[in-house]
Every structure is written in C-alpha cells, then in structure tokens.
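As structure tokens, the structure follows; a few thoughts come after it.
FYI, it's all coordinate maths here, none of it is from the lab. Keep in mind that this is a model prediction, so the values were computed, not measured. For neighbour counting, all protein chains shown are included, and Cβ atoms are generated from backbone atoms with ideal geometry for every residue, glycine included.
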Amino acid sequence: MAIEPVAPTGARQFEIVESRGATERFTLISPDVCVCKECLDEMKDPGNRRFEYPFINCTNCGPRFTIISDVPYDRPKTSMRNFEMCADCNAEYEDPTNRRFHAQPNACPVCGPHVFIANKDGALLGAGGNAIELGASLLKEGKILAVKGLGGFHLAVDAANESAVQRLRELKGRPDKPFALMAASVFQAAAYVEINDAEEQLLTSYHRPIVLLEKKDDDPGIRLAPSIAPYNTCLGIMLPYTPLHYLLLDKGPDVLVMTSGNRSGEPLSIDNDDAFDAFAHIADAFLFHDRDIYFRADDSIMRVQKAQGRFLRRSRGYAPLPVDLKPLSGKVLPRVMGCGAGLKATVCLTRERYGFLSQHIGDLENIKVNGFYDHTISHLKKITDIEPEIIAHDLHSGYYSTAWAKRKGEDGIPLLGVQHHHAHALSCMAENHLDGEVIALTLDGTGLGSDGHIWGGEVLTCTYESFERRARLLWLPMPGGDAAAREPWRMAAALLYKVYGRDFLGLDIPYIKEMNTSKLEFLAGMMEKQVNTPLTSSAGRLFDAISSLLCIRHEITHESQAAMALEAVANSQDIHARYHFEVRPQDDGCSVLDIAPAVDEIVGDIKAGRPAGIISAKFHNTLVAFFVAAAVKVRDASGLNRVVLSGGVFNNDRIFSGMIEALESCGFSVYTHSLVPCGDGGIALGQAMAAAAKWTRDH
Ligand code: ZN
Ligand code: ZN
Ligand code: FE
C-alpha cells in the first residue's frame, strides 16, 4: 500500500461513480466463488423471495470469471447484461448497507435467469422449480442428465447406480478413466473415502476443487458403483458450488457422478445448442439455464500430499488469480508470455510481481481446443491488460503452442525457446521465490530435449537463464514412436531388449506368454535396425514398461494410466527394499542412471513368483534412491544444496513423498509445487520466467 498526500480537488461529497475503461487498467478479476452460507440459508427459507432460486448470489459469492467478457467488472460487461434488475433487486444493489450492494450478478426469480429442462428431442419438460424436481427424479431413476453449470456442462448420473454409470461410460466412449463425483456434504463423502483435516479444508474451501481422496476399504453396506474409478485407490470428490448443485443434490441422489460435458478430447460445452448437439446421444434430459457462460473453466483437481494441497489441474475457482512471484534482480517483472507445451495446456502472462496462469485449456491436438487456446490468450490479455514483449515456447515444433508463438514471431515479437524440463524446473523455482542456481529433478512423460531426443528423467542444474544436464535415465528406444506412449507393452519390450538383447524373446515370464510372439519379433527387428525407434530418457515411459512387464497394463486409454495402475498395486505395501542400479559418469558430464541391473532383478522376482505389489514397491524405492544418488553426486561437484522437484511423475505419491524424505535425510533443501501443477499445466509459468529473465538482462 502506498500512501501519498494530495491537494484538495474541490469535491463536496463522497460519490461512487461508474468505472471508466482507463488505459492503465489493472484490476485483479476474481475467480468464481462458491455460494456462501448466508445465500444458502436464504435459499432454504420458504419466506424468502429467493426461496429455492438457483441463481442466488451476493458480493461474497457467485459467478465471476466465467461470466465476464471484459474489464472493468460491471454488469454490462457480464452475461447478466441481458437481465434487467427488478425494483427489489435494484434497491439492494444501490444500498451500501446491503450484502448485495454492487453485486453485479444480483438476481431473483422475478428478474434473473431461470432453469428449464428438455428431453433429448428438445421438448420442454418443465421450468423453474419443476425443472429441478424433474431432473432430480430422473437422476434417481438412473437416467443421464446433462447439467449446465458455472464454467461448462456436466454429465450427471446417480453414483450408486452401477448400470447407470456403466451406461454413461459406454455412451461417452470412456472405458476406464475415473469419473469425478459431487457429494452433498463432507459427511456424505466420508462414507466412501478417508478425509483428513487438510483434505476437508480443501473440499470446503470456496474454490471447491475436485479433491482426490483415498477410497475406504470396501463396506458392502455403502458401496458406490465400482466402475466410477476402476484400478484406482482414490475417488475424485467435490462439494456442490452453485445453488443449482445444492438443490439438485438435496432433491436427488446424495452422490452424483459429475463428469465434464465435452466430446472426447474437445473443450467443455458451454452453449445450450452445442451441448444439445454433443450429448443428444448420451443424455436422457438436459437441465439448461439462460445465463450465458462467457468463459469456460473446467473443475480444478487437487490432492493433499505432505499436508499441502497440490494441483493436478488448476482451473475453476483459481484462474485467473495470479501466482505471486518475486521480482527478478530487484526489478518488477516485464510483460512476457509463456505459451505452454502440448498437453494440459495453459498460458501465462506476467506483469509487476504477478504470473497470470490461465485456466486449463486441454490437449492441443484437437482443432477445437486450438480455438479455445487462441480465445483464452486474447481474453487473458484483455482482462490483465498485458501485451507481451517477448514470448517463450517449447522446443517441440509440432506443438500448436509453438506454432502459435512462431506466428507472433513473424509479426516481430521476440521469441525464446525454452527446453521442456528447464521450464518445469523454473516453474517450481518461481512459485517458491528461488533465485540463483538449483538442482532440479524433473521426471515426466515426454519433453523434447535440446539434443533432439525425448527427455523425461533428468537431473539438471539451472538458473532462470540456462541449465546443464547432469544426469539422465538410460536411453530406451521407443519402438513405433508415439505408439509406444499409448501401448506400454512396446516399452516393456524395449526395456527387455536393452538389457538382454534379442534373447529376451526366450524369457520364461508371463509377459512374454501374454504377448503375440510375431509382434515382439517385429519390434525386436525394429530396434535392431533402429527404424522408427526414437530414444527416450523418460521416467513416465519407464513406468509404462514396468507396468506392462508385470502384466498390469499392456495398453492404455488415457494418459499415465499404466503408471497409475502400477502405483495402485504397490499402495498398501510397506516395503523398504530396492533393486540395484548404477550411476555411470560420462565424458559429456552427464551421468547415466543405468536401470539394467534392476531390470534383471525384477525379472528374477517375476520368475520367483513374487507378487506385483512388492515388485512395484521395490521399483518405486529404486527410482527414488537412483535420483537421490544422482543429486548427491551433483551436490558434491557443484556445492548446490537446493533441489526442486517437477514433472508429472510427482503426481505419484510414492515417488513424491519418498523423494522428499530421502532428499531431506541427505540434508537437501527440497522445494515442491503447491501453486501450479507439477505436470505440463504448470510449464507456462516456467517459460514465462525464462523470458522475463532474458528480457530483464537484455534491458
Ligand atoms: Zn452469497
Ligand atoms: Zn429481481
Ligand atoms: Fe512435462
């Protein structure tokens, strides 16, 4: 806060005047906030004029980001502009003592938005309170309801109804990716999952993220549908956040599946007509409303690890709140942009000491997601009033984000290519306000290296300006290229080939028996001739390989599925043993983490009939010990003692917690993510920091 005395201007009274679109506009836009207790109490009071009104809100709560088209945040610049306030609402709006004083989305049943319900042929079945009653009773009957929410549509079914959940899976073409749930209360959720204090705080926070919570051991009395999250030890649960959700859960089932209403791979539907088109073959009915969503925001996904909330996806309830950053070399941050990578894309704009990370955009392989990407950038630029002076991008030229940056480069904006894992490391440094040089352990799926190979199991030393690669996982071929990321059995073959050569075909283990011999021979031939076998040091691919080698998962239908299944089988095992490995120094200064000795021991354990859960636990321990040993070597050589952990593999709790404990017991200061995702959703922040550092140095 800056205080400065000014000369009297001659004003005679205190006035609140209309906002002007000033040139130096800079207001922090609030994210959407869940309905507050006072509004909920009014909504439940039959004597209140907003009794059971699903759009009740006040200055303490309600929609913000998703209904705003421009700043300043006034009603005419929101999707409430179509609703003229009645006399009662207007009186509240103008009364400084009222909770709804200048509440831009203020509304009531007389003047505000309404809900209505339609069947799949588009016929209107009911409106207002009747629509919600009918929607709730359809859910109780096991029907699929498309529900228009705050940041987009959901597809809802009764979470206790297995056949309804399975039908939703079939119709949505989503065989086994976990569904998110919405539970009426913490009490309801606690029947199915373990909830500690930190988790309860997160669940009930006004951001209302989906929180991943450990399933309780099966109790036949209170089972939810098993196909909600098969092969998973957690359920993703959120509490209601709009008044409409509260009404629906109050009148309908206590726990609903609430999965994103989107066509596979596409952005969330936000428009009534589009949703009707997209889900006519899925939903039995549509619970619509007539307040437009200007800006889509997926539900945020979090998990408590080491007593702190961590993002798997940072979106509704958080975006566009900035990440508070530290100035570089004492100077405020320049206006720069990081444009993300290819998966789970977000973008980041910086200004002063803020990093504005966009909401989750999605995987940029889809043309509709590309459109949303463009739209997100122009909207974020508008509401933050940032026109970037330099744009940082990934090194991978195949990403839409990189192509987008290159187009801006042709218009004369300076560009900076930032290596994927360097950006991961910087995002962790930035949110922890670290300066100088650190050791970075970056473990993730795929990122293009500066040598043209695919990295993902790296030990770096880095600053905001540059990095050095100090150690990496052993190169493995990826037979079939991208196909190897979708088909973990290929990576298992690559791992065995690397250790045993062609002889692996003769191994007497279940993996070889379950595989088609001619397919394996074909793969071995590819690796021999080095045809379509790019090299990778990815930790994610190593997880895939082990998962398939243990016959847990040979093929996947969604990202990191094989790795998650591998973690899940190990979960209840309290095992401290590990396998052997070798850290081999190389001439180029980058040591190789050679996993071959461990693989041979794993094959031995498989032959000896050891359970997959134990082998998996030992593998996790091995990987942790491996990277800690590498970090110690780097410390010995460099004197650095601060370690940042980044990359999607740290979503694996066994790796995450194990790594922190092991590093700390070796005396390292360990820094982790809690403000942005450790996966590719956080990478734009790191890119932006690299660009800011370059700009600051050059000017
Ligand atoms: Zn309120
Ligand atoms: Zn009204
Ligand atoms: Fe990554």
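Determine, from the Cβ-Cβ distance of Val632 and Asn571 and an R0 of 25 Å, the FRET efficiency 1/(1 + (r/R0)^6), rounded to the nearest 0.05. About 0.35, to the nearest 0.05. Computed from Cα positions, the angle between helix 683-698 and the longest principal axis of the chain comes to roughly 90 degrees. The modelled label-to-label distance between Glu194 and Glu664, using points 7 Å beyond Cα along the C-beta direction, is 1.8 nm. Label the chain by shape, choosing from rounded, prolate and oblate, from the square roots a ≥ b ≥ c of the eigenvalues of the Cα gyration tensor; if a/c is under 1.5 it is rounded, and otherwise prolate applies when a/b is larger than b/c, oblate when it is not. Oblate, because a/c is 1.5 or more while a/b does not exceed b/c. For the pair Ile614 and Gln530, label points projected 7 Å from Cα toward Cβ lie 4.1 nm apart.
Does region 247-330 classify as rounded, prolate or oblate by the C-alpha gyration tensor (a ≥ b ≥ c root eigenvalues; a/c under 1.5 gives rounded; else a/b over b/c gives prolate, otherwise oblate)? Walk me through the numbers on the way to the answer.
Values: a/c = 2.53, a/b = 1.74, b/c = 1.45.
Judged from the Cα gyration tensor, region 247-330 comes out prolate (a/c at least 1.5, a/b above b/c).
Considering only Leu138, Asn60, Asn106, the residue lying farthest towards the positive end of the dipole of region 1-157 is Leu138, judged by Cα position with unit charges set on Cβ. A P(r) calculated from all alpha carbon pairs of region 68-223, with 10 Å bins opening at zero, reads 8, 25, 30, 25, 10, 1 percent.
Looking at the chain alone, DSSP beta bridges between its own residues are antiparallel in about 70 percent of cases.
Full extension from Lys44 to Val186: what is 0.36 nm times the residue separation minus their Cα-Cα distance, to one decimal in nm? Write out the running numbers ahead of the final one.
On the way: separation 142, 0.36 × 142 = 51.12 nm, distance 1.90 nm.
Residue separation times 0.36 nm, minus the Cα-Cα distance, leaves 49.2 nm.
Using the empirical formula 2.2 N^0.38 Å as the baseline, the Cα radius of gyration of region 272-397 reaches a ratio of 1.24.
Whats the longest run of the chain with zero GluC sites (Glu not before Pro) that are DSSP loop and have at most 16 other Cβ atoms within 10 Å? Can you show the working numbers first?
Numbers: sites that count: Glu15, Glu18, Glu24, Glu84, Glu141, Glu194, Glu365, Glu389, Glu465, Glu555.
Here the longest run is 195-364.
In the chain, helical runs assigned H by DSSP with n ≥ 4 each contribute -39500 (n - 2.57); averaged across all residues and rounded to the nearest 500, the mean residue ellipticity at 222 nm is -10000 deg cm²/dmol. A simple spin-label model places the labels of Thr517 and Ser264 3.4 nm from each other, with each point 7 Å out along Cα-to-Cβ. Checking every one of the chymotrypsin sites (Phe, Trp or Tyr not before Pro) in region 38-107 against DSSP loop status and a limit of 16 other Cβ atoms within 10 Å picks out Phe51, Phe101. Listed cross-link partners Lys77/Lys382; Lys148/Lys408; Lys77/Lys408; Lys306/Lys618 are compared with a 24 Å cut-off, the Cα-Cα value being larger for Lys148/Lys408; Lys77/Lys408.
The radius of gyration of the Cα set in region 553-699, together with its Dmax, comes out at 17.8, 64 angstrom. Measuring max minus min along each principal axis, the C-alpha atoms of region 440-671 give extents of 51, 39, 31 Å (largest first). Rounded to the nearest Å, what's the spacing between the alpha carbon centres of region 618-673 and region 72-131? Just the number, please. What the calculation gives is 52 Å, centre to centre. Maximal additional length on extending the Asp273-Lys177 stretch stands at 31.9 nm, based on 0.36 nm per residue less the C-alpha distance.
For region 369-514, what is the convex hull volume of the alpha-carbon atoms per residue, in Å³? The partial results should precede the final answer.
Numbers: hull volume 23.9 nm³, N = 146.
Cα convex hull per residue, to the nearest whole number: 163 Å³.
Starting from the Cα gyration tensor of region 482-564, multiply each eigenvalue by 5, take the square root, and state the resulting semi-axes largest first in whole Å. Don't skip to the answer; put the middle values down first.
On the way: eigenvalues 68, 46, 23 Å².
Square roots of five times the eigenvalues give 18, 15, 11 Å.
By the beta-carbon count within 10 Å of each Cβ, the least crowded to most crowded order of Asp394, Asp605, Asp653, Asp277, fewest first, is Asp277, Asp605, Asp653, Asp394. Find which of Gly151, Pro585, Pro240 sits farthest along the positive direction of the dipole of the chain, computed with +1 on the beta-carbon of Lys and Arg, -1 on that of Asp and Glu, about the Cα centre. Most positive-ward Cα: Pro585.
Taking neighbour counts of Cβ atoms within 10 Å as a proxy for exposure, in what order, fewest first, do Lys368, Lys529 appear? Intermediate results must be reported in sequence, preceding the final value.
Numbers: Lys368 13, Lys529 9.
Ascending Cβ contact count within 10 Å gives the list Lys529, Lys368.
Gain on full extension, evaluated as 0.36 nm per residue between Ala280 and Asp411 minus their Cα-Cα distance, stands at 42.9 nm. On the basis of the beta-carbon distance and an R0 of 41 Å, Tyr500 and Asp363 show a calculated FRET efficiency of 0.70.
Each of Thr442, Thr204 was scored by other Cβ atoms within 10 Å of its Cβ. Listed from fewest to most, they are Thr204, Thr442.
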